[in-house]
Structure formats: structure tokens, C-alpha cells
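These notes concern the structure reproduced below.
The values are calculated or read from the model by the stated rules, or taken from the named source; none is laboratory data. These numbers were taken from a predicted model, which means no experiment stands behind them. We place every Cβ from the backbone using ideal geometry, glycine too, and count neighbours over all the protein chains shown. Ligands, DNA and RNA are excluded from the accessible area calculation, which covers all protein heavy atoms including side chains. Shrake-Rupley method; radii C 1.70, N 1.55, O 1.52, S 1.80 Å.
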Amino acid sequence: MKRYIVFLKQVPQSTRVEIDPITKTLKRSSALCKTNPDDLCALQAALNLKKKTGAEIVAVSMGPAKAENVLREALQHGADRAILLSSRAFAGSDTWCTSAVLAAAVRKIGSYDILFFGRMAIDGDTAQVGPEVAGQLDIPQITQLIHIDSLTDNSIILHKKAGETIQQLEITLPCAVMVSKENGEINPPTLAGWLA
């Protein structure tokens, strides 16, 4: 069975977030939170592909206990399973630490075909975590996905943005794909998802 793993991050709803004076990290408990918008685009890309392949979608989030809300939203949209990676040791993680934790989670989950990431998080704007996870797992990565054309057992054919041009590529599976608004609109949650 095919499996897609989608990574979702809980981010502050506002730019008015306090900074801890000692650790110099965001005090996430001081802000209302939501799912990172690009991550929802990644989830939608996985859901669109699931309609054609019947793959299992595993939603993964790294964060405090309240990041469970991000995973509940993913389940409402149609993800099959959700995994929360939570530890005080993860607090204040930079992109390298985050990618190390996420890569370890992928290894623990087991076989997969595609890792889906939002291109960038609105609370950091680095666009590094997805590519770093791909690097740690030694798999191909596609940034700025526009559209997935087709999928076989061994490869994916897609269009991606590259500066001012658009490229069509065939990539060997497994791979990591970074998704943003260019991939299309996000469908509302399903009734079946709400019931689940």
C-alpha cells in the first residue's frame, strides 16, 4: 500500500508573540495558534493524490501537546492517522534539530512513497526543514511544486517552479515534495473527517 507522510506545524495566528527573555525563543503559549498555511496546501496535495492511488496519509506534527489541534484538523480533512512528536527536549529547536527529529520519525513510521511539506512556515520563513529532512534521509526533493501529473510504483511526474520558469520532472520514489499556494486551493473538511 502506498503511504504519504504529511508534516504540519502549529504557528501563531498573530505576529504579536512574546519572546522568552531567557531562552530567546517564541513563547508559543502566549499566542493563539493555527496550522501553517503552506502545510495545509501540502495536506491537500496528498489528499488529491490519495483519490487516485488509495494511499494511506499519515499526518505528523512536532510541538507541544496543544499541537494536537493541528493533527485533528488534518484528520478532519481526510488524513488516516496522526502522530504528535512532543518532548520538552524539542523546545526551541532550530531547523537542523527539527529535521533530525522528523527524519527519525519517518524511519520509525517505516515505508513511505512521498513526504509532503509546506514550502515554508510563516513563523520562520526559512524554507529549510523539508529539504533538510530529505537530505538526512538521502532522498530526492522537489521544491515549489505546482502540479503532480502522474505516479507509478517507482516514480512521480510533476511540474515545479524554478525561478521564472516551470519544469516538468520525473523523480524516483521515495521523495520529498515542498508545497505552497501555487499547488491550488484547500478543500473544506469532510463530514466523514469531522465524524472521525
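Some observations on this one:
- The residue of region 35-92 that is nearest to the chain's Cα centre (by Cα), among those that are part of a strand (DSSP E or B) and of a type in the set (Val, Ile, Thr), is Val60.
- Being part of a loop (DSSP other than H, G, I, E, B) and over 22 Å from Ile186 (Cα atoms) is a condition met by no residue of region 97-105.
- Checked against the criterion of being open to solvent by 30 Å² or more (accessible area, probe 1.4 Å), touching a strand residue (DSSP E or B) at 6+ places or on another chain (Cβ under 8 Å), at pLDDT below 95 and more than 30 Å from Ser150 (Cα to Cα), the candidates Leu32, Leu84 yield just one match: Leu32.
- Of all the listed residues (Asp123, Asp149), the sole one being in contact with a strand residue (DSSP E or B) (Cβ under 8 Å, 6 or more places away or on another chain), modelled with pLDDT under 85 and either of a type in the set (Asp, Glu) or not in a strand (DSSP E or B) (or both) is Asp123.
- Hits in region 158-196 - residues which are open to solvent by 50 Å² or more (accessible area, probe 1.4 Å) and β-branched (Val, Ile, Thr): Thr165, Ile166, Thr172, Ile186, Thr190
- The set of residues in region 36-78 that are closer than 21 Å to Tyr112 by Cβ and free of Cβ contacts under 8 Å to residues at least 40 places away in the same chain contains only Lys51.
- Checking each residue in region 152-186 for being of a type in the set (Ser, Thr, Tyr) and either assigned to a strand (DSSP E or B) or under 25 Å from Met1 (Cβ atoms) (or both) picks out Thr152, Ser155, Thr165, Thr172.
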